[in-house]
1. Looking at the stretch 180-205, which of its residues are more than 16 Å from the ligand (Cβ to nearest atom), touching a residue at least 40 places away in the same chain (Cβ under 8 Å) and assigned to a loop (DSSP other than H, G, I, E, B)?
2. If you check N109, N84, which single one turns out to be at pLDDT 95 or above, over 23 Å from G223 (Cα atoms) and touching a strand residue (DSSP E or B) at 6+ places or on another chain (Cβ under 6 Å)?
3. Look through A143, A188, A163 and report the one residue that is out of contact with any helix residue (DSSP H, G or I) (no Cβ under 6 Å at 6 or more places or on another chain) and closer than 22 Å to M95 by Cα.
4. For the stretch 34-88, how many residues meet the condition of being touching a helix residue (DSSP H, G or I) at 6+ places or on another chain (Cβ under 7 Å), among the hydroxyl-bearing types (S, T, Y) and more than 21 Å from T161 (Cα to Cα)?
5. Restricting attention to the stretch 85-105, which residues are acidic (D, E) and within 23 Å of I127 (Cα to Cα)?
6. Take the conditions closer than 29 Å to K14 by Cα, acidic (D, E) and in contact (Cβ under 8 Å) with a residue 24 or more places away in the chain and apply them to E227. Does it pass?
7. Being within 16 Å of the ligand (Cβ to nearest atom), among the acidic types (D, E) and either without any contact (Cβ under 8 Å) to a residue 60 or more places away in the chain or surrounded by 21 or more Cβ atoms within 10 Å (Cβ to Cβ) (or both) narrows it down to one residue among E167, E142, E208, E147; which is it?
Amino acid sequence: MEQIQKNIAQVEEKIAAAAKRAGRNPEDVLLLAVSKTKPVELIRQAVDCGLHALGENKVQEIMDKYAPMGEGIHWHLIGHLQTNKVKYIIDKVDMIHSVESMKLAEEINKRAAAAGVVMDVLVEVNIAGEESKFGVKAEDTEAFLREIAPLPNIRVRGLMTVAPFVENPEENRTYFRKMRELLVDINAKRIDNVNMDTLSMGMTGDYEVAIEEGATIVRVGTGIFGERYYPERQQ
Ligand SMILES: *Cc1c(COP(=O)(O)O)cnc(C)c1O
């Protein structure tokens with residue numbers, strides 16, 4: 001068996017176990033394979049193992065891999081998105097996880113309208129209030145949602161976070177729980193056009209805890225494809 005096939009089987013087992021512990025259906029958790037920096041041949045192996053949803057954090061990488069990977073892939077943009085690059089991916093991705101400014105939401109809305117689509121988006125929340133991280137603050141999330149909700153060509157599906165880098169995943173449990181509470185609280189306000197069902201949280205180091213706390217998309221790179229190699233600063 002190829003290493004990647006073993007990795008995927010292991011991740012899927014852990015997802016199923018975590019869902020079971022939380023009394024959830026494993027099928028309600030999407031395993032998004034984060035393929036950044038990885039070559040098409042390796043990504044193809046993951047797709048052949050049944051992973052059809054791929055996450056990339058850079059527009060350029062989606063553009064480079066889009067044609068070679070061909071039909072049947074669900075691309076998700078998970079990294080910071082510059083307004084001037086929206087036009088390159090609007091017809092290529094199924095979901096944008098990293099909406100965090102009105103300017104970006106308006107540009108996605110405009111480009112989606114021009115392309116004749118309604119784009120699924122998540123609002124990125126900086127749940128731990130880390131200075132180095134993108135995302136809106138927890139306390140600003142509701143106001144931001146009220147602002148972007150009227151845009152007709154985006155559909156807000158939920159919230160996303162990149163939790164702090166920690167040694168022990170238990171340290172992030174409280175942040176994942178806060179994300180879920182935020183989503184539930186905001187849904188309860190019945191804001192027009194805001195009915196969220198998606199929580200994108202949990203990476204290789206902490207996806208099991210994230211699932212126990214309600215994640216519906218986990219973004220796993222290293223756990224599937226192995227370590228990434230690039231100069232520190234470019235991550
Ligand atoms: C790289 C990346 C991931 C995956 O990280 P791993 O630790 O390799 O699983 C998840 N989310 C985002 C936004 C990323 O940039």
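1. Across the stretch 180-205, the qualifying residues are K189, I191, D192, N193, V194, M196, D197.
2. Going through N109, N84 in turn, just one is at pLDDT 95 or above, over 23 Å from G223 (Cα atoms) and touching a strand residue (DSSP E or B) at 6+ places or on another chain (Cβ under 6 Å): N109.
3. Details: A188 fails: closer than 22 Å to M95 by Cα; A163 fails: out of contact with any helix residue (DSSP H, G or I) (no Cβ under 6 Å at 6 or more places or on another chain).
Going through A143, A188, A163 in turn, just one is out of contact with any helix residue (DSSP H, G or I) (no Cβ under 6 Å at 6 or more places or on another chain) and closer than 22 Å to M95 by Cα: A143.
4. 1
5. Pass one, the stretch 85-105, residues acidic (D, E): 91, 94, 100.
Selection gives E100 alone.
6. Values: closer than 29 Å to K14 by Cα: yes; acidic (D, E): yes; in contact (Cβ under 8 Å) with a residue 24 or more places away in the chain: no.
The answer is no for E227.
7. On the way: E142 fails: within 16 Å of the ligand (Cβ to nearest atom); E208 fails: either without any contact (Cβ under 8 Å) to a residue 60 or more places away in the chain or surrounded by 21 or more Cβ atoms within 10 Å (Cβ to Cβ) (or both); E147 fails: within 16 Å of the ligand (Cβ to nearest atom).
Just a single option satisfies the conditions, and that option is E167.
The values are calculated or read from the model by the stated rules, or taken from the named source; none is laboratory data. These figures come from a predicted structure and were not determined experimentally. Quick reminder, even Gly has a Cβ in these numbers, built from the backbone with ideal geometry, and neighbours come from all protein chains shown.
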